[in-house]
Amino acid sequence: MFRSLKATILDSNLNIVNSEVVHFDSELPHYKTKDGVYRDPSNNGRIVSPTLMWVEAFDLLLEKLTKLKLDFGRIAAVSGSGQQHGSVYWKKGSSVKLASLDSKKQLLEQLNDVFSTNESPIWMDCSTTSQCKEIEKAVGGALELARLTGSRAYERFTGPQIRKIFETKPDVYRETERISLVSSFMASILIGAYASIDETDGAGMNLMDIRERSWSKIVLEATAPGLEEKLGKLVPAHAVAGPIAFYFVNRFNFNKDCLVVQWSGDNPNSLAGLTLNTPGDLAISLGTSDTVFGIASEPHPRLEGHVFPNPVNTKGYMVMLVYKNGSLTREDVRNRCAEQSWDTFNNLLEKTPPLNGGKLGFYYKEHEILPPLPVGFHRFVLENFTGDSLDGLKEHEVGEFDGPSEVRAVIEGHFLSMRAHAERFGMPTPPKRIIATGGASANPSILKSVASIFGSDVYTVQRPDSASLGAALRAAHGWVCHSKGCFVPFSCMYENKLEKTSLSSKLSMPAGDPQLLSNYTLLMKKRIEIEDRLVQKLGR
Ligand code: ADP
């Protein structure tokens, strides 16, 4: 739910039987959004979405599904995915309106005056730097905040956004009786009452104690006064938010027993949609920016990256690492060294030996966040590196590599860094399995390097809608847990039938040779040592 609101409907065999979508910009043009958002013209980093646009999109989506002749009465459970970090501010007295929706009218006309601000801060906003600094300072520093909540303060996170509203619009803050995330906001409409925030999406707020899965008093106090009562409770992602409101039963013929399972954020839902479920599972999304999702047993928060509770289990943690230098940086090397062709790029990659003769490249075409380094390229050669030992090895910096070495260096360097950072966050090597997705996952030569560097089988899925699919899957999971009266492992739902469902993935590259894996382990140690030095010298 960034640029559109999408519905994915699964049958009891977990196959997609229907889907429908409402695009915000083109189908609701009167909100005048671009990519679903408003950017403040004064260029101050303030980026919001009109809250009512989401309500109207929901009206329209339900209408479209009605036209598809969807039998709403057969839907056993509904869940959803909202963009993580975005927030909604309900005005005092709104719970009464929410509880008494008239099924003869659309949602929009009944909810048009229930928000204390009509503009929801969203994940793209970067206008809260001073609030981030204030909160970090109040709790004892950035690392302490990361240790407590799983992430240091980020401009887009909801806590700093709430603090900004408290500081700059005190009347709005005072008039707000409830703050929802985009996810719990949509769930609230569906149950006709304020829905709780789920623990995984809640970890994207800089407000939740990651180990206790409860609001952290110290961070609440550092953020805004009287905040806890405005936030309500936290509950696990598989919990039932409530039965569907009568509004939907009367207007669309939903079954009155249809359950609304907690909605969650887009990142947790993507993890579910990619079928990650047990510790050691790792997904790598190779798109414009590269994102790593993993499930770890213990939390190891650091200054970079994020730790959230596992959205598909009551135990364990979800690790999320985001790299700004993904496909565009690979494309840059392809254009400079491989005649702008992926085929040539792959030929050069295959032509060079693994470990690249000890050549290590660091390519930051964009200012990088993992590690925090400015734009720049750095190339080093480990003298006489054979992969057997690092003893007595020296490296020296060079200005350039030959074309084929540059190609191998951009690929190996990036995935060695990814492995090193994933390990720092508690992910095991080799991972249990790797699921690759996104544009570059179509490239077998790149996947071969991934399999060798991580020492793991690589499966691929092409699933641009993993968040919507993951939400539908979590709806089924919540329903199963509710029916059994206890938590059941997520994988029980698709055990033995995964390949027959919409969730199937394909084994694209078997794990590489174990000897090569241990050689890469040494190269990775050297690489992270150099990377740490670059951060000390050039980092922010
Ligand atoms: P987004 O993150 O914008 O949704 P995608 O996941 O669709 O992007 O990935 C797009 C990127 O995939 C492009 O920038 C392109 O560089 C990269 N890509 C496409 N095909 C290949 C390929 N064969 N090898 C490597 N990269 C590829």
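Where a number appears in this text, it was derived from the coordinates with a stated rule and is not lab data. Please read all numbers here as calculations on a predicted model, not as lab measurements. FYI the Cβ positions are ideal-geometry reconstructions off the backbone, even for glycines, and counts take in every protein chain you see.
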Ellipticity estimate at 222 nm from DSSP helix runs (n ≥ 4, -39,500 (n - 2.57)) divided over the chain, nearest 500: -11500 deg cm²/dmol
Whole-Å distance, taken between Cα centres, linking segment 262-312 and segment 1-39: 23 Å
Of LYS64/LYS105; LYS137/LYS164; LYS169/LYS230; LYS448/LYS506; LYS91/LYS217, those spanning more than 18 Å from alpha-carbon to alpha-carbon: LYS91/LYS217
For segment 370-489, the fraction of alpha-carbon pairs in successive 5 Å shells from zero, as %: 2, 8, 12, 15, 16, 16, 11, 6, 4, 4, 3, 2, 1
Length-normalised contact order of the chain in % [C-alpha pairs under 8 Å, at least 6 apart]: 15 percent
Burial ranking of peptide ranges 268-277, 410-419 (average Cβ count within 10 Å, highest at the top): 268-277, 410-419
Those GluC sites (Glu not before Pro) in segment 169-250 that DSSP places in a loop and that have at most 11 other beta carbons within 10 Å: GLU212
Size of charge dipole - segment 76-262 - debye, nearest 20, with Cβ of Lys, Arg +1 and Asp, Glu -1, no other charges: 180 debye
Rg ratio (alpha-carbon, reference 2.2 N^0.38 Å) - segment 194-256: 1.43
Where only C-alpha atoms are counted, convex hull volume of segment 1-103 per residue in Å³: 148 Å³
Segment 76-262 - percent relative contact order, Cα under 8 Å, separation 6 or more: 29 percent
Two-decimal ratio, segment 76-262, of alpha-carbon radius of gyration to 2.2 N^0.38 Å: 1.04
Student exercise, the chain dipole from Lys, Arg, Asp, Glu Cβ charges, in Debye to nearest 20: 740 debye
Protection-proxy order for peptides 116-129, 466-479, each taking the mean of Cβ atoms within 10 Å per residue, highest first: 466-479, 116-129
Share, in percent, of DSSP beta bridges within the chain that are antiparallel, nearest 5: 80 percent
Under-5 Å amide H pairs with ASP125, H placed in peptide plane, nonlocal only: ILE47
Principal axis box of segment 358-402, alpha-carbon based, largest edge first, Å: 33, 23, 13
Two-decimal Rg/Rh across segment 440-540, once Rg and the Kirkwood Rh are taken from alpha-carbon atoms: 1.15
The chain: DSSP helices with Cα axial extent of at least 18 Å and average Kyte-Doolittle hydropathy no lower than -0.5: 51-67, 403-424, 466-484, 514-538
Size descriptor, Kirkwood hydrodynamic radius, that averages inverse alpha-carbon separations across the chain, Å: 24.3 Å
